[in-house]
1. For the stretch 257-317, what is one quarter of the convex hull surface built on the Cα atoms, given in nm²?
2. How far apart, in nanometres, would the label points at residue 299 and residue 52 be if each is projected 7 angstrom from Cα along the Cα-to-Cβ direction?
3. Estimate the FRET efficiency between residue 175 and residue 131 by the formula 1/(1 + (r/R0)^6), using the beta-carbon distance for r and 25 Å for R0, to the nearest 0.05.
4. Quick one: what are the phi-derived ³J(HN,Hα) couplings along the stretch 284-296, Karplus 6.51/-1.76/1.60 with θ = phi - 60°, whole Hz, x for glycine and proline?
5. Can you give me the distance in nm between label points at residue 144 and residue 67, each placed 7 Å from the Cα along the Cα-to-Cβ direction?
6. For the pair residue 90 and residue 222, what calculated FRET efficiency results from E = 1/(1 + (r/R0)^6), where r is the Cβ-Cβ distance and R0 = 51 Å, to the nearest 0.05?
7. How far apart, in nm, are two points set 7 Å out from the Cα along the Cα-to-Cβ line at residue 186 and at residue 274?
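Values quoted throughout were computed directly from the atomic coordinates according to the rules given, and no laboratory measurement underlies them. Not measured: the values here are computed from a predicted model. Positions of Cβ are backbone-derived with ideal geometry, glycine not excepted, and every protein chain shown enters the neighbour counts.
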Amino acid sequence: KRQSQYRSNTGSEPKVWARNLMNAVNANSEAKPLEPLMIGSGRIIREQIPVWVRRRLLELWQKFKGSAKRPTVLIVSDEPHIPWELAYLRVDVDNETDGFFGAEFIVGRWVRGCEEVAGSFVPAYPPPTEVTVKSMAVVTGDYSKTKNWNKLEGAEQEAKDLIASYHATKVNADNQLATWLQKTADVDLIHFAVHGNWSMTGSKDGVVLIDGTTLTPTEVRAADFKNEPFVFLNACQLGQGDETLGDYGGIAAAFLRAGAGGVVASLWNVDDKEAGKLAVNFYKQVKNTIDSPGELLQKERSTYKQNTKSKLSLAFA
């Protein structure tokens, strides 16, 4: 097998660019179509993809054209800031279809580099192709008394629905959460229905707890998951990456390095109730169809064409 390496020139401050994109999306009025901002940003990201890669993507699209299946691409990278899934690619030679990379392809992302722990490598490489779920935990909390954070009625209902439907264990989003992840989390799936935050400095980066503090990526790294759980971070901004000692950082990457078999997270702020509905439907579809999580997210991203004001459809990666 032949492997090729390419390093894109994303500029000296890709973190600033990613933060500006997040702020622009968050500030976008519901009355104003989001599509121009997304397409413009997507074209900027596309310019960072080498021409030979874009040609290869076109070849893949042509190969699957007319099929119900979509081509699958796994991005293995040490670059944590650029949301490559949003690259705006014109993938159809007849110009009948154009769209975002993550809407036209089943796109996954994995952190590059791993360390050996107890005879295995964390994060696992190649990534696990599936996770068998026999047990589930839902992390949630009541933010009604949390300073500077609103009560999440949609997330609370989301948690109730998941607990009732899948006999999930409820875990309170309090200051014992890091200890639970480190010593008790032996479930196959961990779902977070919480507030999240990503900061430029990293000082408040992570899951917001009900006392107003955060579960940080550093604390997540203390965990050592034995059964490669699937993690769904249904909270604002937690799909954003960062750098830690020059390596891929952020809370999503921290879960992967702690041994998670896969992570879903949002790139920017999402509506509480709509995000809850998406999560409940996500698990229902995973259970009742043969579609993989990646396929379901691809289908969700593709709905941006029907609702160009929605911040939700392109948010999850």
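1. Numbers: hull surface 19.4 nm².
That works out to 4.9 nm².
2. Output for this residue pair reads 3.6 nm.
3. 0.30
4. 4, 5, 4, 6, 9, 10, 8, 5, 7, x, x, 5, 5
5. In this crude spin-label approximation the distance works out to 5.2 nm.
6. Details: r = 45 Å, r/R0 = 0.88.
Rounded to the nearest 0.05, the efficiency is 0.70.
7. Label at residue 186, label at residue 274, 4.1 nm between them.
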